[in-house]
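S.K.: Below you'll find the structure I mean.
The values are calculated or read from the model by the stated rules, or taken from the named source; none is laboratory data. Everything numeric here is computed off the predicted structure, so don't read it as measured data. Here the Cβ positions follow ideal geometry from the backbone for every residue, glycine too, while neighbour counts run over all protein chains shown.
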């Protein structure tokens, strides 16, 4: 038996992590094992939509844990039924399949589309996705993604994914053939640096897919559950997709995801889809607590107001330091840095006790809790302002 020389060594080294161990979270704040406090504008990559350890979620988990954890997905359980019905009532979809992660939900969407192609489109199986898109880390979802770093990994990839360009309807139209069954996209490409699909593009894409008899799949893993000011981002464009995937925020911090489909698109037969932990009552109880909070009209208005304030503060910061545009909507925003200084800013902010994310070398992405306050936004902006001032001074000296 090999003995780890350091506690960190027992974990597979799959990403660079600072030598910090977090032990406690509350709202927008995290604490490490030395007692240092950090303002969190990542929130588990938009996972903790109500912040760290929100009482609504922790109370729901504690209550459900005393009743029933997992009776098997072969049986109904009350929390999954309540959550499924709540999602159906709040959306344009008719049926829900629960999963454990966004990638698993997207994998299910791909399988559902291919099943639909088998039954209704003479075996059509190709799905048009988009350059820059990110749909997960299973083999199929990596194949569906348009992330350049994925291209050389784990070959051979799963075939059947043609890549169009976001906001370019002609590029989609050119890829449609007799093997096409669906079009799949993120309404805002998060990992690519927060690049939104325009409302006009989403409407035109919906019209095109209806005209050609194709399914429209929206990956709302990051944009769903109130992140952009509506419960689901596609509502901004006034469209009704055939399939939607949810993850991240729906669990409020616990592993929960969902695949939603209209009755027309719901074509799984017994044995086609499943999963040991899918729809377990413990996670679904957390999801219910989240939906009850985020589904309130006043809550979403607060998200809109906070998003506009954060956007205006970032724009002010950009003008002050000669940076680029602010992209995104609601509380999913990016600041174009114009230079590859993202990693340096993230490292300096970490030392100052603020957690930021740089999905691309020349951009910062902001994904705070939907409950973030103006004071917390101000604290982050002040920290970022100081770092940018130092970087500018250092560049002038150089």
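S.K.: Exactly one condition in (1) assigned by TED's automatic domain parsing to the domain that holds residue 146; (2) surrounded by fewer than 21 Cβ atoms within 10 Å (Cβ to Cβ) is not met by residue 256; state its number.
M.R.: With (1) assigned by TED's automatic domain parsing to the domain that holds residue 146; (2) surrounded by fewer than 21 Cβ atoms within 10 Å (Cβ to Cβ) applied to residue 256, the lone miss is (2).
S.K.: OK, next. Looking at 288, 314, which one is over 23 Å from residue 254 (Cα atoms) and assigned to a helix (DSSP H, G or I)?
M.R.: Of the residues listed, the single one that is over 23 Å from residue 254 (Cα atoms) and assigned to a helix (DSSP H, G or I) is 314.
S.K.: Right, here's the next one. Within the bounds of region 265-275, is there any residue that is over 30 Å from residue 209 (Cα atoms) and at pLDDT below 95?
M.R.: Checked against the condition, which is being over 30 Å from residue 209 (Cα atoms) and at pLDDT below 95, region 265-275 yields at least one hit.
S.K.: For region 102-122, does any single residue satisfy the condition of being more than 16 Å from residue 243 (Cα to Cα) and without any contact (Cβ under 8 Å) to a residue 12 or more places away in the chain?
M.R.: Checking region 102-122: at least one residue is more than 16 Å from residue 243 (Cα to Cα) and without any contact (Cβ under 8 Å) to a residue 12 or more places away in the chain.
S.K.: So, one more: If I filter region 123-161 down to residues being touching a strand residue (DSSP E or B) at 6+ places or on another chain (Cβ under 6 Å) and farther than 23 Å from residue 104 by Cβ, which single residue comes out as surrounded by the fewest Cβ atoms within 10 Å (Cβ to Cβ)?
M.R.: The extreme case among them is 131.
Yes or no, residue by residue, for (1) over 21 Å from residue 381 (Cβ atoms); (2) assigned by TED's automatic domain parsing to the domain that holds residue 334; (3) modelled with pLDDT of 95 or more:
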site: 30; (1), (2), (3): no, yes, yes
site: 36; (1), (2), (3): no, yes, yes
site: 49; (1), (2), (3): yes, no, yes
site: 60; (1), (2), (3): yes, no, yes
site: 63; (1), (2), (3): yes, no, yes
site: 66; (1), (2), (3): yes, no, yes
site: 69; (1), (2), (3): yes, no, yes
site: 73; (1), (2), (3): yes, no, no
site: 76; (1), (2), (3): yes, no, yes
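S.K.: Can I ask one more? Kindly indicate which of 206, 173 is touching a residue at least 12 places away in the same chain (Cβ under 8 Å) and either more than 18 Å from residue 245 (Cα to Cα) or surrounded by 24 or more Cβ atoms within 10 Å (Cβ to Cβ) (or both).
M.R.: Exactly one of 206, 173 is touching a residue at least 12 places away in the same chain (Cβ under 8 Å) and either more than 18 Å from residue 245 (Cα to Cα) or surrounded by 24 or more Cβ atoms within 10 Å (Cβ to Cβ) (or both), namely 173.
S.K.: Hey, another quick one. Quick one: would you say residue 240 is part of a loop (DSSP other than H, G, I, E, B) and more than 18 Å from the chain's Cα centre (by Cα)? Full working, then the answer.
M.R.: Values: part of a loop (DSSP other than H, G, I, E, B): yes; more than 18 Å from the chain's Cα centre (by Cα): yes.
Yes.
S.K.: Exactly one of these conditions fails for residue 68: (1) closer than 30 Å to residue 230 by Cβ; (2) surrounded by 14 or more Cβ atoms within 10 Å (Cβ to Cβ). Give me its number.
M.R.: Unmet condition: (1).
S.K.: Could you count how many residues in region 1-51 are in a loop (DSSP other than H, G, I, E, B) and surrounded by 15 or more Cβ atoms within 10 Å (Cβ to Cβ)?
M.R.: Number satisfying all stated conditions: 8.
S.K.: Also: Please specify each residue of region 168-200 satisfying the condition of being part of a helix (DSSP H, G or I) and farther than 16 Å from residue 329 by Cα.
M.R.: Matches in region 168-200: 169, 170, 171, 172, 173, 174, 175.
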